[in-house]
Amino acid sequence: MSNPNVILLLADDLGYGDLSCYGGVGAQTPHIDALLEHGVRFADGYSTSAVCTPARYSILAGEYPFRNPDTHILPGDAPCIIGKEQGTLPKIFQKAGYRTAAIGKWHLGLGSGDLDWNKPISHTPNDIGFDYSYIFPATNDRVPCVYVKNRLVENLDENDPIEVSYDAECPFEDIATSERNPELLRMKHSNGHNNSIINGVGRIGYMRGGQKAVWRDEDLTERFLSEAEHFIKEDPEKPFFLYYALHQPHVPRVPNPKFAGKSGLGPRGDVIMEMDHCVGELTAFLEKEGLLDNTILLFTSDNGPVLDDGYMDDAERFNTMAQHRPAGPLRGGKYSKFEGGARIPLIVSWKSHIRPAVSHALVSQVDFAASFASMLGVDLGDWAPDSQDHLDAFLGGSIEGREEIFAEAANKSHFLRRGKWTYMQPSDGPAHDFTTNIELGNSRDHQLYNMEYDAGQRVNVAEIHPDLVEKMSRRIEEIKASARTR
Ligand code: NG6
Ligand code: CA
């Protein structure tokens, strides 16, 4: 049999409790749940960070974010933080003769510091292992709100050049901003998101020009799906790897009208429904093309959930009414050092190959690189230094995963999970963020939790296990001091 195709579906800010198959009370995600008819659901799957850029960096580069000092939430005009010479997940597939594409949200930077949005971009996904890319640069709440196809912004118009600024003060006198034109806003912001107004929504950063290039939030899902289908169909002779980064349920949550008001959970629930529908369409397409039996589908999320991430879309009220808990039983959410930050849904599905199962193997997204290298027989050399081969666990053939999970909160302090224990480093900073209403997990004390009895991390048992605390805190320091080698 020829090598299977691989599609990595990466949701944005989808929590551990947001899918019905993970016990989400208000969730309606039948198409993602259906992946489990031929799939493994991981109960202990992790990203390496409670925020986006670092988590995505680990997936693509196969190393922990602390190894690259640029792994912070990036502005929309940041340079690309993955080096052209670096080993990456898509390059592993390329080495094995695959064609590769990145579609959807990017947020790993573009250009080499000399970015002109009106010219070919020097450093894009195409320089780090993707043959084809169709992305938006950063997040759906950051400018520029445009599609970038390979090296060029789509629908450029030389008479209406694009300018972007992340300066504190708006440098453009003639653009709509939240301050000057509040009447143009159809969604109010609760925190930040008060710079340029694009498509009736306040964004982070200022953008001028490019009227023909600007996306409509309502169209993003269909646009990306049609690009994905086009890429899949293009060359049936070669296997493919598709990195498909869905933008839901990140803010601003603006669903296509087909889904608006449909979930009963407000806009956040509506866009999750839209995303689920999109996964259903993709699966049906693969079936129709006769590709489903030979395609491994991974579905996961970059980091945990947040309800109010800067816009007033009533997510908190809708979720409370429905008793829907986006992080499920876990404490904290996006940004947090508690498990709600980096323990995420993770499903691996392969029709006719995987028997339905729930796995408690400890697995991390950083392991995709070494696991697929192993599947393809690609020698990693010094690529992907923190990535481990857990292919058997991912495909449901083994219940053994990693010995330890190492991940960071938004403030870069770490936690370590070994077996049933999760240890959190002491850190400064507020225990609670009142803008997002998330418990961040910061404490000057060591924290240790028994995940077997206390998944919600309510009882800190550090004082009664000083030996474990000592051992696990030393281990964190050891990892941080370790060299970038395999
Ligand atoms: C924060 C934004 C938030 C979101 C996040 C990145 C404010 C107040 N908050 O700075 O809305 O965009 O960055 O999210 O601006 S992530 O999923 O890409 O990491
Ligand atoms: Ca995210």
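The values are calculated or read from the model by the stated rules, or taken from the named source; none is laboratory data. Worth saying up front: this structure is predicted, and the values here are computed from it rather than measured. We place every Cβ from the backbone using ideal geometry, glycine too, and count neighbours over all the protein chains shown. For the accessible areas, the whole protein counts, side chains as well, though only heavy atoms, and no ligand, DNA or RNA atoms are used. Shrake-Rupley method; radii C 1.70, N 1.55, O 1.52, S 1.80 Å.
The table below lists the values:
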item: Subset of the stretch 417-444 (residues that are in a strand (DSSP E or B) and closer than 19 Å to residue 334 by Cβ); result: 417, 422, 424, 432, 433, 438, 439
item: Residue match in the stretch 175-189 (condition: acidic (Asp, Glu), surrounded by 14 or more Cβ atoms within 10 Å (Cβ to Cβ) and not in a helix (DSSP H, G or I)); result: no
item: Flag if residue 45 is within 21 Å of residue 275 (Cβ to Cβ) and either open to solvent by less than 10 Å² (accessible area, probe 1.4 Å) or more than 16 Å from ligand 1 (Cβ to nearest atom) (or both); result: yes
item: Some residue of the stretch 44-58 being aliphatic (A, V, I, L, M), under 27 Å from residue 142 (Cβ atoms) and in contact with a Leu (Cβ under 6 Å, 6 or more places away or on another chain); result: no
item: Failed condition for residue 459, given (1) surrounded by 19 or more Cβ atoms within 10 Å (Cβ to Cβ); (2) of a type in the set (Val, Ile, Thr); (3) out of contact with any Leu (no Cβ under 6 Å at 6 or more places or on another chain); result: (1)
item: Pairs with Cβ under 6 Å, 6+ apart, first in the stretch 328-356 and more than 23 Å from residue 411 (Cβ to Cβ) and at pLDDT 95 or above, second open to solvent by less than 10 Å² (accessible area, probe 1.4 Å) and of a type in the set (S, T, N, Q); result: 345/301; 346/300
item: Single unsatisfied condition, residue 68 versus (1) over 16 Å from residue 347 (Cα atoms); (2) open to solvent by less than 10 Å² (accessible area, probe 1.4 Å); (3) among the polar types (S, T, N, Q); result: (2)
item: Top-ranked residue of the stretch 48-82 - restricted to ones that are farther than 18 Å from residue 335 by Cα and of a type in the set (Gly, Ala, Ser), ranked as nearest to ligand 1 (Cβ to nearest atom); result: 76
item: Looking only at the stretch 295-312, and only at residues there that are within 12 Å of ligand 1 (Cβ to nearest atom) and either assigned to a strand (DSSP E or B) or not acidic (Asp, Glu) (or both), the one that is surrounded by the most Cβ atoms within 10 Å (Cβ to Cβ); result: 303
item: Residue ID - farthest from the chain's Cα centre (by Cα), chosen from residues in the stretch 1-17 that are within 16 Å of ligand 1 (Cβ to nearest atom) and either farther than 23 Å from residue 58 by Cα or small (Gly, Ala, Ser) (or both); result: 15
item: Residue within the stretch 390-407 that is without any contact (Cβ under 8 Å) to a residue 40 or more places away in the chain and touching a strand residue (DSSP E or B) at 6+ places or on another chain (Cβ under 8 Å) present; result: yes
item: Qualifying residue in the stretch 266-284 (condition: assigned to a helix (DSSP H, G or I), within 16 Å of ligand 2 (Cβ to nearest atom) and without any contact (Cβ under 8 Å) to a residue 40 or more places away in the chain); result: yes
item: Residue that is crowded, with 24+ Cβ neighbours inside 10 Å, closer than 26 Å to residue 201 by Cβ and either of a type in the set (D, E, K, R) or at pLDDT 95 or above (or both), where the choices are 73, 135; result: 135
item: Test result for residue 222, touching a helix residue (DSSP H, G or I) at 6+ places or on another chain (Cβ under 9 Å) and closer than 27 Å to residue 348 by Cβ; result: yes
item: Tabulated pairs, the stretch 217-232, first among the polar types (S, T, N, Q), second open to solvent by less than 50 Å² (accessible area, probe 1.4 Å), C-beta under 6 angstrom, 6+ apart or interchain; result: 221/274; 221/278
item: The stretch 395-410: number of residues that are touching a Phe, Trp or Tyr at 6+ places or on another chain (Cβ under 8 Å) and open to solvent by less than 30 Å² (accessible area, probe 1.4 Å); result: 5
